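S.K.: Please read through the structure below; I'll follow up with questions.
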Amino acid sequence: MKKNAIYKIVPSCELVIGIAFSALYDLDRFRLVRFESAFVPIAEEMKNGGLSLKDLEGLKPIIREKVEEFVDRLLIEDMLYVDNDLHNPPFKTVSDAWDPPNEIINCIIDVAEKVPDWDELVSQLEELKCEALQIRCYSNRIDLDAAASILRTFHGSSVSHVELILKSSNDIDEGRLRKLFDDFPALVSVMIHSSDRNAQLELTSDDLPIQRVLIWQKKPLLSEKQCGVVNENMMDRPSPKLCGEKKNFQGCLNRKVSIRSDGQMCNCPSLKKNYGTNLSQLADVVRSKSFQEVWHIKNDMLDVCKNCEFRYVCTGCRAYLESPTSLKKPAKCRYDPTSGTWEEALRS
Ligand code: SF4
Ligand code: SF4
């Protein structure tokens, strides 16, 4: 810390307070920095007015040293700026208001043996203004020709973000996968499971602002039961849109619809409740009160999650509980916000 400098937290950083640990979410640069909650009063001071060396006078040397270390860490993380006038009004913070026009934002399609009627699905998802689609294939039912055909069906529709998860087979090679990306701008990721390697390839394109990724994974994807794990690597990156949604709605199921591998319409393939197989009724199903009930179970309402610093970047998965409207923390989360530690078993 420099003499006479007044340190303030940059306006794009939001303070999220937890029990043992808290976090600053940088909503402009999509990252999060955790720190012990003992530093929350210092962070609040820097958020609301500003902090200078003068404010630390009178603190015990050992505490003062720790506060200075904390400030230095935030400076290195680019989360502070120096404003030498305490009376300057703070910059306007980033708005996280959330009210998109889409009735459905994302859709999961699970495929084992049956495939859905893609034409009907496009028509229904178009009506709901669905933007993102994830197709998870547990078998070799979808090869690269079938994947190209599905992507062609969705081309020009409201779906502008497609993730494919396919099972490894002899016809899937890197050259053909790259061609798939070249041919379909909406394709953002392909993950090949049951592969002979674990690898990741970032694909950049001069024409597209988005990051696209190709992943090979040795671990097989056998069924929807593998979904719902909560660990540090699975947290979303904080953004105004994401945090705005998670503050007001369920972190994974809000405005999501899914088709299970048996063809049943549902909120998520891992939830027991289903709404029949007649895809021509998908939009009506989504608009029903019963379907939307789980959309409102936000993480701030959950027993443990409401005190967790990850609550606005975490799915708060509602599957595998006695009821998706239960206020218990996710069954597959092994994080303890009161100690700030992860149980090793499900860490990765
Ligand atoms: S609610 Fe849980 S199981 Fe369902 S899609 Fe979300 S994370 Fe997966
Ligand atoms: S599930 Fe709840 S307790 Fe676990 S990391 Fe997410 S917000 Fe925290």
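S.K.: Exactly one of (1) within 16 Å of ligand 1 (Cβ to nearest atom); (2) in contact with an Asp or Glu (Cβ under 6 Å, 6 or more places away or on another chain) is unmet by residue 306. Its number?
M.R.: All conditions pass for residue 306, except number (1).
S.K.: Are any residues in the range 228-279 modelled with pLDDT of 95 or more and small (Gly, Ala, Ser), and if so, which ones?
M.R.: Across the range 228-279, the qualifying residues are 228, 258, 261, 263, 270, 276.
S.K.: Any residue that is away from ligand 2 (no atom under 16 Å from the Cβ), free of Cβ contacts under 8 Å to residues at least 12 places away in the same chain and of a type in the set (Lys, Arg) - is there at least one of those in the range 289-298?
M.R.: yes
S.K.: So which residues in the range 309-321 are more than 14 Å from the chain's Cα centre (by Cα) and either away from ligand 1 (no atom under 13 Å from the Cβ) or of a type in the set (A, V, I, L, M, F, W, C) (or both)?
M.R.: Narrowing the range 309-321 to residues more than 14 Å from the chain's Cα centre (by Cα): 309, 318-321.
Matches in the range 309-321: 309, 319, 321.
S.K.: Among what's in the range 324-337 and is out of contact with any Gly (no Cβ under 9 Å at 6 or more places or on another chain) and part of a loop (DSSP other than H, G, I, E, B), pick the residue that is nearest to ligand 2 (Cβ to nearest atom).
M.R.: Result: 334.
Residue-wise test of (1) outside any loop (DSSP other than H, G, I, E, B); (2) touching a residue at least 60 places away in the same chain (Cβ under 8 Å); (3) touching a Cys at 6+ places or on another chain (Cβ under 8 Å).
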site: 104; (1), (2), (3): no, yes, yes
site: 135; (1), (2), (3): yes, no, no
site: 150; (1), (2), (3): yes, no, no
site: 162; (1), (2), (3): yes, no, no
site: 171; (1), (2), (3): no, no, no
site: 175; (1), (2), (3): yes, no, no
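S.K.: Continuing with this model, one more query. Being within 14 Å of ligand 2 (Cβ to nearest atom) and in a strand (DSSP E or B) is the filter here; which residues of the range 224-266 pass it?
M.R.: Of everything in the range 224-266, just one residue is within 14 Å of ligand 2 (Cβ to nearest atom) and in a strand (DSSP E or B), namely 230.
S.K.: Within the bounds of the range 204-221, is there any residue that is surrounded by 14 or more Cβ atoms within 10 Å (Cβ to Cβ) and touching a residue at least 60 places away in the same chain (Cβ under 8 Å)?
M.R.: Checked the range 204-221: at least one residue is surrounded by 14 or more Cβ atoms within 10 Å (Cβ to Cβ) and touching a residue at least 60 places away in the same chain (Cβ under 8 Å).
S.K.: Further, regarding this structure: Say we look at the range 236-255 and pick out the residues that are among the polar types (S, T, N, Q) and more than 17 Å from residue 330 (Cβ to Cβ); which of these is surrounded by the fewest Cβ atoms within 10 Å (Cβ to Cβ)?
M.R.: Result: 248.
S.K.: Give me the pairs, please: first residue somewhere in the range 116-131 and more than 11 Å from residue 282 (Cβ to Cβ), second residue anywhere and of a type in the set (A, V, I, L, M), beta-carbon distance under 6 Å, and either six or more positions apart or on two chains.
M.R.: 118/150; 131/105
S.K.: Let me ask something else. Restricting attention to the range 299-323, and to residues there that are over 16 Å from residue 228 (Cα atoms) and in a helix (DSSP H, G or I), which single residue is farthest from ligand 2 (Cβ to nearest atom)?
M.R.: Per the stated criteria, the residue is 301.
S.K.: Out of all the residues in the range 52-87, which are modelled with pLDDT under 90, of a type outside the set (A, V, I, L, M), surrounded by 11 or more Cβ atoms within 10 Å (Cβ to Cβ) and part of a helix (DSSP H, G or I)?
M.R.: Passing the criteria: only 55.
The values are calculated or read from the model by the stated rules, or taken from the named source; none is laboratory data. Note that the structure is a prediction, hence the values are computed from the model and not measured. Every residue, glycine as well, gets a Cβ built from its backbone with ideal geometry; the counts of neighbours run over all protein chains shown.
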